[in-house]
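Have a look at the structure below, then the notes.
The values are calculated or read from the model by the stated rules, or taken from the named source; none is laboratory data. Here the structure is a predicted model, which means the values were calculated and not measured. Cβ placement follows ideal geometry from the backbone for every residue including glycine, while neighbour counts extend to all protein chains displayed. Note: areas computed on protein heavy atoms with side chains; ligands, DNA, RNA excluded. Shrake-Rupley method; radii C 1.70, N 1.55, O 1.52, S 1.80 Å.
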Amino acid sequence: MFVQDNKQPSAKDAPGPKPTAKLYSIFALQRDKGFTGEFETSKSKHQFTFAPASARVENGKLQLLGTFRIGTRKVENVAATMISVQGGLGAVPTLITERRLKMPSGLPLTEATGDQGFVGALYFQLSPIKASALGLTIEMSKVQLNVRLFPTNQVERELQVLLSDVAATLYGETPDANAATPLLASLNQIF
Amino acid sequence: MTLRPNSVVRHINVDPKTGNAKGVAVVDRVTFQELEYQGKVIIVAGSTLESTRLLLNSKSRQHPNGLGNSSGALGHYLVDHFGGISGMGVFHTLAGREPVNEDGKAAGLFIPRFRNLDAKTKHPKFLRGYGFECSAGMGRNPGANRFPGFGKEFKDSVRKWSTAPVYMTTRANMLSRFENFVEIDPGGTVDAWGIPVLKIHIQHSDNEREMAKDAAECIEETLKSAGAEIISVGGNMTAPGKIIHELGTARMGNDKKTSVLNKWNQTHDVKNVFVTDGAAFVGAANQNPTITIMALTMRACDYIADEMKRGNL
């Protein structure tokens, strides 16, 4: 039923220069205070880290400022703006269960939501990165950094809870930038 | 037939003259090469959320809110079953048996829905109902974490009771509500190929919470009536998505003002686009959905073949 569209270039429609490949999104895991991952371009694999040095609120969204590294090459002052989050499922972090509130109705709760909610994935938009500084020939003007949280030590656990609270404060039904101020102070203390 | 793997569909292309679908735009998963394919009929069956995501991403002058969305119902009425309310008991008559690995034996049991079937079974606090999936017998895991104790007494207790367990867990109907919906993420989140992703808005209502409370009470009553000693009952309702029975968001219906698809899984707005997966569901009931999806798909395929023979597609 399906036929591939045959598009033959004509003489008057001479092909232009080959466009540079574009990097849309990259995946990372939370490791200590930063995020570590790997992506592939033209059959080469690149391990990268993004290490936040500070956190602030910009236009109502969380923004982390830090260094993006591939091997020994790095780009500093990269801004990672949190554009979206995904809730975590399964075992609720202990720090969150300890403060959970019981529903007054006595009806069963939904796991890992409401007062027990926590973030499992974070989606950041990175500011434009000059790929040549990293030794790459790929467009990195609008890269999305997708981070999976799976804390294995105390620093990672504390960051997960803080980021969960920031997400609830800034991205919830009633965003409140003022309420995020003490959370940002705690984040900056860790970074 | 040519099957082209590694093809991620970006959107459905529409003929600007007729508004009908004329093909799909695809990006190769590995090479990132952009391709286009043409077809007389487009069948969307990418699973509930991916199908709806594709339709919402297929905006055009003729379909500014997404393909098949003149009703505004596309993306709405998302449901999943819920579980998480369960119970465990032990039968004294089976305690202390010779331990054997009974994992995989035919010991499953299903208790179909019994609430709100007729006037006699109507429950005053919730609509619809739930069923129970049950099992019994020893497995590789003796369930030691469910028993209290310490040291030798604890070990003896686990050895004695691990031969005698019976489990019940709930599979329940979540009501279809307009407020539970998906949309293309307004934050601009994309996937690895630059295709906008969905943002999901879904939560349980008091109907589900009352149902969960009743289910826990029924589990306790059932286990006790069967002669079991109760070890644990209750739990938290699973978060929507956990049971992976997501359904709805491109619901069927006779009225094109309130539904996306007609009874043949064909979009009301574009006659040569069909959606044949869980997105078509109007409600979740409490049964596993796969067989119903297959039946609806077979019916839709028969209709498509007939309509093509008649020259209507």
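How large is the dipole of the protein assembly as shown about the Cα centre if only Lys and Arg carry +1 and Asp and Glu carry -1, each at its Cβ, rounded to the nearest 20 debye?
820 debye
Leaving out ligands, DNA and RNA, what percent of the accessible area of the range B:84-194 is carbon and sulfur, probe 1.4 Å?
Carbon and sulfur atoms account for 57 percent of the accessible area of the range B:84-194.
Give the A-B buried accessible area in Å², both sides summed, 1.4 Å probe, nearest 100.
Roughly 2400 Å² of accessible surface disappears when A and B pair.
Classify the protein assembly as shown as rounded, prolate or oblate, taking a ≥ b ≥ c as the square roots of the eigenvalues of its Cα gyration tensor: rounded when a/c is under 1.5, otherwise prolate if a/b is larger than b/c and oblate if not.
Oblate is the answer for the protein assembly as shown, as a/c is 1.5 or above yet b/c matches or exceeds a/b.
Could you point to the residue in B:ASN236, B:PHE274, B:GLN287 farthest towards the positive end of the range B:226-313's charge dipole, with +1 and -1 charges on the Cβ of Lys/Arg and Asp/Glu respectively?
About the Cα centre, the residue reaching furthest to the positive side is B:PHE274.
Which of the residues in the range B:165-196 show a loss of at least 30 Å² in accessible area from their chain by itself to the complete set of protein chains, at a probe of 1.4 Å?
Buried by the other chains: B:GLY187, B:THR189, B:VAL190, B:ALA192.
How big is the gap, in Å, between the Cα center of the range A:33-48 and the Cα center of the range B:22-54?
Measuring centre to centre over Cα atoms gives 28 Å.
Express the carbon and sulfur contribution to the solvent-accessible surface of chain A as a percent, rounded to the nearest whole number, probe 1.4 angstrom.
Taking all protein chains in place, chain A shows 51 percent carbon and sulfur surface.
Test of the criteria: in the range B:101-206, which chymotrypsin sites (Phe, Trp or Tyr not before Pro) are in a DSSP loop and have at most 13 other Cβ atoms within 10 angstrom of their Cβ?
Answer in residue order: B:PHE114, B:PHE150, B:PHE178.
Compute the Cα gyration tensor for chain A, then decide on rounded, prolate or oblate, letting a ≥ b ≥ c be the square roots of its eigenvalues: rounded whenever a/c is under 1.5, prolate when a/b is larger than b/c in the other cases, and oblate in all that remain.
Prolate is the answer for chain A, as a/c is 1.5 or above and a/b outweighs b/c.
GNM, chain A, Cα, under 10 Å: largest mean-square fluctuation among A:LEU145, A:LEU95, A:LEU134?
A:LEU95
For the range A:25-85, what is the accessible area per residue in Å² when the probe is 1.4 Å?
52 Å²
How about the range B:47-79: which trypsin sites (Lys or Arg not before Pro) there lie in a loop by DSSP and see at most 15 other Cβ atoms within 10 Å?
B:ARG61
Could you give the angle, 0 to 90 degrees to the nearest 10, between helix A:181-190's Cα long axis and the longest principal axis of the Cα atoms of chain A?
Between the helix axis and the principal axis of chain A, the angle is about 70 degrees.
Determine the calculated [θ] at 222 nm for the protein assembly as shown from helices alone, applying -39500 (n - 2.57) to every DSSP H run no shorter than 4 residues and normalising by the residue count; nearest 500 deg cm²/dmol.
It comes out at -6000 deg cm²/dmol, rounded to the nearest 500.
Can you give the net charge of the other residues whose Cβ lies under 13 Å from the Cβ of B:GLU98, counting K and R as +1 and D and E as -1?
Neighbour charge sum, excluding B:GLU98 itself: +2.
For the range B:10-43, which residues drop by 40 square angstrom or more in accessible area between the chain on its own and all protein chains together (1.4 Å probe)?
By number: B:GLU36, B:TYR37, B:GLN38.
Looking at the range A:71-164, send over the antiparallel percent of its DSSP beta bridges, to the nearest 5.
100 percent
Obtain the nm distance between the two label points defined at A:LEU29 and B:LYS152 by a simple spin-label model: each point lies 7 Å from its Cα along the Cα-to-C-beta direction.
So the two model labels end up 4.4 nm from each other.
Over the heavy atoms of A:THR72, what accessible area does a 1.4 Å probe trace out, to the nearest 10 Å²?
Rounded to the nearest 10, the figure is 140 Å².
How much accessible area per residue does the range B:1-128 have, counting only protein heavy atoms and a probe of 1.4 Å, in square angstrom?
Accessible surface, normalised per residue, equals 56 Å².
Taking the Cα atoms only, what angle lies between the long axis of helix A:154-171 and the longest principal axis of chain A, rounded to 10 degrees?
80 degrees
Separation of the range B:208-235 and the range A:126-145 by C-alpha centroid, Å?
If we compute the Cα centre of each part, the gap is 56 Å.
With unit charges on the beta carbon (Lys/Arg positive, Asp/Glu negative), name the residue among B:VAL24, B:PHE91, B:ASN65 whose Cα is farthest towards the positive pole of the charge dipole of the range B:19-119.
The one lying farthest along the dipole's positive direction is B:ASN65.
Express in whole angstrom the spacing between the alpha-carbon centres of the range A:161-177 and the range B:251-313.
40 Å
Only four residue types carry charge here, +1 at the Cβ of Lys and Arg and -1 at the Cβ of Asp and Glu. Report the dipole size of chain A about the Cα centre in Debye, rounded to the nearest 20.
I would put it at about 700 debye.
With every protein chain left in place and a probe of 1.4 Å, what is the accessible surface of A:GLU58, to the nearest 10 Å²?
Number for this one is 80 Å².
Quick one: dipole size for the range B:120-233, taken about the Cα centre, charges +1 on Lys/Arg Cβ and -1 on Asp/Glu Cβ, in debye to the nearest 20.
480 debye
At most 16 other C-beta atoms within 10 Å and a DSSP loop state: those are the exposed trypsin sites (Lys or Arg not before Pro) I care about. Give me the longest piece of chain A that has none.
A:131-191
Label points 7 Å out from Cα along the Cβ direction at B:GLN287 and B:ASP206: separation in nm?
3.2 nm
Between A:SER186 and B:SER47, with labels modelled 7 Å along Cα→Cβ, what's the label distance in nm to one decimal, could you check?
For A:SER186 paired with B:SER47, the spin-label model returns 3.4 nm.
Count neighbours as other Cβ atoms within 10 Å of each site's Cβ, and list the trypsin sites (Lys or Arg not before Pro) in the range B:227-277 that are DSSP loop with at most 10 such neighbours.
Here the sparse-neighbourhood loop sites are B:LYS257.
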